Structures are given as C-alpha cells and as structure tokens.
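Everything on this sheet refers to the single structure shown next.
The values are calculated or read from the model by the stated rules, or taken from the named source; none is laboratory data. Fair warning: this is a prediction, and the values are worked out from it, not measured in the lab. Positions of Cβ are generated from backbone atoms using ideal geometry, with glycine treated the same way; all protein chains shown enter the neighbour counts. The area values use the complete protein model at the heavy-atom level, side chains included, leaving out ligands, DNA and RNA. Shrake-Rupley method; radii C 1.70, N 1.55, O 1.52, S 1.80 Å.
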Amino acid sequence: MTDRKSSRTVLAVPQTPEESAAKARRYGSWYFAEHTFRVMRMYAVSVAMYSVGTPLAYLFAMGVGLAALIDANGAGRFGGVDYLTFLAPALVASAALMSATGEFMFPIMDGFKWRRTFFGPHASPLRPEQIANGHIIGVGIRILLPTAIYFVIVALFGAAPGVWAWLSIFTATLCALSFGLPLMAWVSTLTRDAGQFAVVQRFIVTPLFLFSGTFFPLDTLPFFLQWIGWISPLWHATEIGRVLSYGYAEPVWLSVLHVAYMGATAVAGWLLSQRIFRRRMGK
Amino acid sequence: MPLDSLSGSTPEYVISASNLTKKYGDFTAVDDISFDVPAGESFGLLGPNGAGKSTTMRMIGGVSQRTSGTLSIMGLDPEQHGPQVRAHLGVVPQQDNLDEELRVRDNLIVYGRYFGLPLSYLRPKADELLEFAQLTDKAGAKVDDLSGGMKRRLTIARSLVNEPRILLLDEPTTGLDPQARHILWDRLFRLKEAGTTLILTTHYMDEAEQLCDRLVVVDKGRIMAEGSPASLIRRYSTREVLELRFGSERNTTVAADLQGIGERTETLPDRVLIYAADGEAAMEQVSLRGLRPITSLIRRSSLEDVFLRLTGRSLID
Ligand SMILES: Nc1ncnc2c1ncn2[C@@H]1O[C@H](COP(=O)(O)OP(=O)(O)OP(=O)(O)O)[C@@H](O)[C@H]1O
Ligand SMILES: [Mg+2]
C-alpha cells in the first residue's frame, strides 16, 4: 500500500453519516439494484445476444417448422388463429419464467453462501430487506427488457395481431416474478447446495413448461394433469397473453383471476423473502 | 455512563458495551463482556480462534443481534438504529466479501453508492483509494483475478470510501505480505492521528503492540484482562524470557530439571520458556545444571507471553 498524506484532505466526503443514513433509508433498494445493473453490464453483450437469439431460434423452429405442419392438419383447433399466434404468448412467458428461475436461484445462493456478496452491503447503511428488494428490482428489469425484445420479434413474425398484445410483456414479467419470488424465498433459507437447483429445473420448471397449456390447450390434457396448469403461473400468463394477443375468448373473471393469482404469489414471495433476509442477516 | 440515554449530547464514549452476550442456541459465543471506547482510541481484541472476537465485531457493526446486554455506538443502539450506526462505520470483515464479478474500481464505487454518495465524489475517491491500496494497475481487472492479499487490500480500501470516524478491522492484515502490513500500519496510524477510532482484532502480537492504545484479551467469550500492551506485559509477565529448545522429545522431560530457575516456566511442544527478570542469569543457571539446549534465545516479554499466561495456550496456531 502506498501512502498519501494528503489523501484525507483532498477529497472531503460531501455528506454527514446522518445524511447517508437518511438517503439509504429512502433509496437503499435502488442503490442495491444499481449494483445488480453494474454486474449485468459485465455480461451485457451475451445477454443481448441471448435475448435476440432465443426468440429467433424458437420462432423459426416452432413457427416456421412445427406450425406449418400443424396448421396443415389441425387448422381451427386454436381458436381460429394459426398455431404460431396461439403459441407465441406461451413462448414469451416461458422465456421470462426460465430466466427468472436462474436469476432467483444462483445469485441468492451466491449472496448468502458461495461468495457472500450480500454481506458486503449488509455492513453498509442498507437494510437486509432493501438488499432483497434491490435484487428483485434488478432482476425485474433484467427480465422486462428481453421480454420486450421477444415480443417485438413475435410481432415481426406477425404473431401478435391484437392492439393490446404489447401488454403481454408485462404479464409475462409478472409470471416470472410469480414463480421467481417464492423461489427466491425458498433459496434464501438454504444453507447447503445439495443439487436442489437441478431438481428445480428438471422436476418443476420442465413440467410447468410442458403442461401449462403451452403447446396445446390445457383442456386437451387428461383431467388429472390439469391441476398443474391451474397452479402454474405459466398457464395463467399464457392464457392472459392469448386474450391480449388475439382476443382469445374467456370470461372476464378468469382474466382477472390470472392476473390476481400471479400478483398474489409474487407479493407473497416478495414479503417472505424480505422476512427471511431480515432474519438470516441479523444472526 | 448511560450517556446513550441523553439524546442529542455527544457521547463521551463512541462505543459502549455492557454485559454484552451472544448465544447461538446453547452455545455462548460472547459471554457477558463490558468495555467502553472513547473517541480516537485504538482498541484491540486479542484472543485465540473461536474466542468471540468476530462475533463481538459483528454486534458492534450492527449486523448481528445480541442475546442480552446493552450496546451503544455513537450513542445509538445498533439494533434500533442500524442504518445510522452503520453510516458512521467502516468495516473490514474477517472474510472478504467483495463482488468478484465486478471490476476492482467498481467495487469501490458500488460500495460508496450504498451510502448515497454521489458519483462526482466517488470516481476520484475510488482512484485515490486504489492508489492507497497499490491497486491502480488493477483498476479494470475483475476481482476474481486478484491475489488473496490484493483482495484484502481492496476490502480495506473499500472500508474507507465513506471516510468513517470509526473503523472496525477484523484481522485486517491476515494474508498481507510484510511490506503491505507495515504500510497499512502506517496508514492506520495516520487515520488514528486524524481522530479515527480504530477497533481491531488480530492474531499478531506485534500488530497489537504497534497499533493498540488499549486492548482486551478474550478467551471463550470472556474478557481475561484489559489494559495497554505495556501494562499487560508488566502485570502478567516478566521483563525477559529465555526460550530453550531441547528437541521435541526432550522438551517435556527436561521441565523437572529446570525447576526453580526464573519465576515461572512454560513448556510448549517445541520449546520451553523461562520467565525471568534477567534472561542471562537464568541461562547461566541452566548451564550450571549441565543442561545443553539445542538453541537458546533471550528476548523481551511480549503480548504472546501475556496470552500464554492468561489462557494457557499459544496464540500462534
Ligand atoms: N453463525 C454461527 N452459528 C453458530 N455458532 C457460531 C456462529 N458464528 C460463530 N459461532 C461460534 O462462536 C464462537 C466465536 O466465533 P468467532 O467467529 O466470534 O470467533 P473469533 O474469535 O473471531 O475466532 P477467529 O480468530 O477464528 O476468527 C465460535 O465457537 C464459533 O463456532
Ligand atoms: Mg474471527
């Protein structure tokens, strides 16, 4: 370490500790969100490529390949729209859900356990629940942007005909939070990494992806499997996405229920995460 | 002493702990300790692994809840006023917790942002701190790519970003090379001169002797002794120490033959220590008894000896 006698006098800190504390109390969640943005900026290029690449790959494969085949054989099964239009809201929502799965598992484990990154800010004026909030804000935006890109690409493929279709960007992001925040609460309680994350991917996310009315309407499933759809945020997001995208006909109360269900699970996961952060960091 | 109740007045003690206790389940990590630290003092916690030093530091830092007792930092209870208390502090935790995905300079800026400090202050401040930590060349590197000692230096630099009036240093120089340690000591000394209160834990006796005005020796969560390094040495040890090595098998058996020499002997696995006011005289007596140690060394007593006396254990792991 070098020594500079003058260092303390050259740059005087521009605010008192009381002012720091007051600012942190008010904006602390955003300060931590800012941290997560700086981390994401390190990966900006790969995130951007992934955000464009994934939709293109899916839409070409499903839209151009699979859809042509299905439309030739089963036209009319999908509420009067072509298969790609039927499928697109599900793809947008499931992409959001899948990035949420990663973002609400690994960084949380990293923060508490692997590299203990939450304990740095914990020693600052930030409160534990603000660290939780900041992560949620960061990931929320990190999901909203690629979801918007996905939607634009869907629109370019001509698979989002309705005027309100763009609202599905937000319902898809809500879906990501609806699944991600309870997941975050659970991961916040883990003290050991014993392969649970692979289990989540394989035995929760994959079945949700397959059985949430994604590729075919939920009511074509046997009744004893349909419950997966009802509890699946992805089904709710897919259904409301279809309503918004092409005016898929369903009762209004059901549309309200989709949003309410996703909102309620997201809020529950959020509050629970705050509580667990507070408790775990006060030990 | 209950100055913390007089809100608005400047407390005489920046840190005041009484009957501070921390339990983890049935296990008592910090057991009913009390101490006060006046502003500008450099106060040390010295103790073996598991003594409860870090636990105490974490309670002072407002990141760990105590089980009982009272604690006040700048007149505030850290459990009631966490953000205010932490805004006053700079913290170097025992375990580095930098963000390894971020670049070195960004770690400093991000940390300053937690205090709501503006970028116009933080950008030049980060450069200044990098220079202080001799990491200017590494400003754009990812933390992942730094050596252990460099990470330590970055953590120390980070703790200074808000120019804290109280600095908590939990084994700050562990992992630093001797040169970096000496430069850090010098820097801490200057901070102290400028009025910063330093609270530090260490395993290094020379560090404690150099930096601490006053220290407590803790063991098993309790305070065993308290005082300035010099007064502790005076109270618990002799002026000089004669260190003898007879080889690992003989060290224990020779103890009986050494009885009566000096004030006290202490047998360690690798050497025998004879505490005496006059080391030379003690050495002569050893020779007179026909004992031929492989090596012998006379030195002044240090905190190490105080520690050994108080706990029956050597501090060096
Ligand atoms: N979160 C925890 N849960 C349970 N026990 C804990 C926890 N943290 C610390 N302890 C226990 O409390 C005791 C004191 O730990 P602490 O880290 O304060 O020791 P220390 O004096 O800092 O030791 P070292 O010199 O090794 O850093 C130890 O026995 C430790 O096992
Ligand atoms: Mg420790």
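Inside the range A:226-244, can you point out the residues that are at pLDDT below 95 and surrounded by 24 or more Cβ atoms within 10 Å (Cβ to Cβ)?
Residues satisfying the conditions do not exist here.
Answer yes or no: is there a residue in the range A:116-139 that is farther than 30 Å from A:Glu19 by Cβ and in a helix (DSSP H, G or I).
no
Quick one: which of B:Val241, B:Val254 is touching a helix residue (DSSP H, G or I) at 6+ places or on another chain (Cβ under 9 Å), more than 16 Å from ligand 1 (Cβ to nearest atom) and β-branched (Val, Ile, Thr)? Before the answer, list the steps.
Details: B:Val254 fails: touching a helix residue (DSSP H, G or I) at 6+ places or on another chain (Cβ under 9 Å).
It is B:Val241.
What residue, among those in the range B:12-33 that are within 14 Å of chain A (Cβ to nearest Cβ) and touching a residue at least 40 places away in the same chain (Cβ under 8 Å), is nearest to ligand 1 (Cβ to nearest atom)? If you could, list the steps in order and put the result at the bottom.
Going through the range B:12-33, the residues within 14 Å of chain A (Cβ to nearest Cβ) turn out to be B:14, B:22-25, B:27, B:29-30.
Retained after the next criterion (residues that are touching a residue at least 40 places away in the same chain (Cβ under 8 Å)): B:14, B:22-23, B:29-30.
Numbers: B:Val14: 21, B:Lys22: 8, B:Lys23: 9, B:Ala29: 3, B:Val30: 7 Å.
That would be B:Ala29.
Restricting attention to the range B:294-313, does a residue exist that is closer than 28 Å to B:Arg214 by Cβ, of a type in the set (Val, Ile, Thr) and open to solvent by less than 40 Å² (accessible area, probe 1.4 Å)?
Yes, there is a match, as at least one residue in the range B:294-313 is closer than 28 Å to B:Arg214 by Cβ, of a type in the set (Val, Ile, Thr) and open to solvent by less than 40 Å² (accessible area, probe 1.4 Å).
Given the conditions (1) touching a Gly at 6+ places or on another chain (Cβ under 8 Å); (2) under 22 Å from A:Tyr43 (Cβ atoms), and given that A:Ala159 satisfies all but one, which numbered condition is not satisfied?
In the conditions (1) touching a Gly at 6+ places or on another chain (Cβ under 8 Å); (2) under 22 Å from A:Tyr43 (Cβ atoms), A:Ala159 misses (2) alone.
So the check is Cβ under 7 Å with 6+ separation or different chains; which pairs have a first residue in the range A:11-23 that's at the interface with chain B (Cβ under 7 Å from one of its Cβ atoms) and in contact (Cβ under 8 Å) with a residue 12 or more places away in the chain and a second one that's part of a helix (DSSP H, G or I) and not β-branched (Val, Ile, Thr)?
Pairs found: A:Ser20/B:Ala87; A:Ala21/B:Pro83; A:Ala21/B:Gln84; A:Ala21/B:Ala87.
What about B:Glu128, is it within 20 Å of B:Val14 (Cβ to Cβ) and either touching a Lys or Arg at 6+ places or on another chain (Cβ under 6 Å) or at the interface with chain A (Cβ under 10 Å from one of its Cβ atoms) (or both)?
no
Among A:Val39, A:Val92, A:Val52, which is the only one that is of a type in the set (Val, Ile, Thr), in a helix (DSSP H, G or I) and either within 14 Å of chain B (Cβ to nearest Cβ) or under 30 Å from B:Asn107 (Cβ atoms) (or both)?
Testing whether each residue is of a type in the set (Val, Ile, Thr), in a helix (DSSP H, G or I) and either within 14 Å of chain B (Cβ to nearest Cβ) or under 30 Å from B:Asn107 (Cβ atoms) (or both) leaves just A:Val39.
Considering every residue within the range B:303-316, establish whether at least one is touching a Ser or Thr at 6+ places or on another chain (Cβ under 6 Å), touching a residue at least 60 places away in the same chain (Cβ under 8 Å) and acidic (Asp, Glu).
Yes, there is a match, as at least one residue in the range B:303-316 is touching a Ser or Thr at 6+ places or on another chain (Cβ under 6 Å), touching a residue at least 60 places away in the same chain (Cβ under 8 Å) and acidic (Asp, Glu).
Please determine whether any residue of the range B:135-143 is closer than 23 Å to B:Thr202 by Cα, β-branched (Val, Ile, Thr) and more than 16 Å from ligand 2 (Cβ to nearest atom).
No, the conditions are met nowhere in the range B:135-143.
Could you list, in sequence order, the residues of the range A:244-283 that are within 14 Å of another protein chain (Cβ to nearest Cβ) and touching a residue at least 12 places away in the same chain (Cβ under 8 Å)? Steps first, answer last, please.
To start, the set of residues in the range A:244-283 that are within 14 Å of another protein chain (Cβ to nearest Cβ) comprises A:277-283.
A:Phe277, A:Arg278, A:Arg280, A:Met281, A:Gly282, listed by residue number.
Between B:Pro48, B:Pro38, which is open to solvent by 30 Å² or more (accessible area, probe 1.4 Å) and within 19 Å of B:Ser228 (Cα to Cα)?
Result: B:Pro38 is the single residue among B:Pro48, B:Pro38 that is open to solvent by 30 Å² or more (accessible area, probe 1.4 Å) and within 19 Å of B:Ser228 (Cα to Cα).
Those residues that are within 16 Å of ligand 2 (Cβ to nearest atom), touching a residue at least 60 places away in the same chain (Cβ under 8 Å) and open to solvent by less than 10 Å² (accessible area, probe 1.4 Å), I need them from the range B:184-217; list them, please.
Hits for the range B:184-217 are B:Ile199, B:Leu200, B:Thr201, B:Thr202, B:Ala208, B:Leu215, B:Val216, B:Val217.
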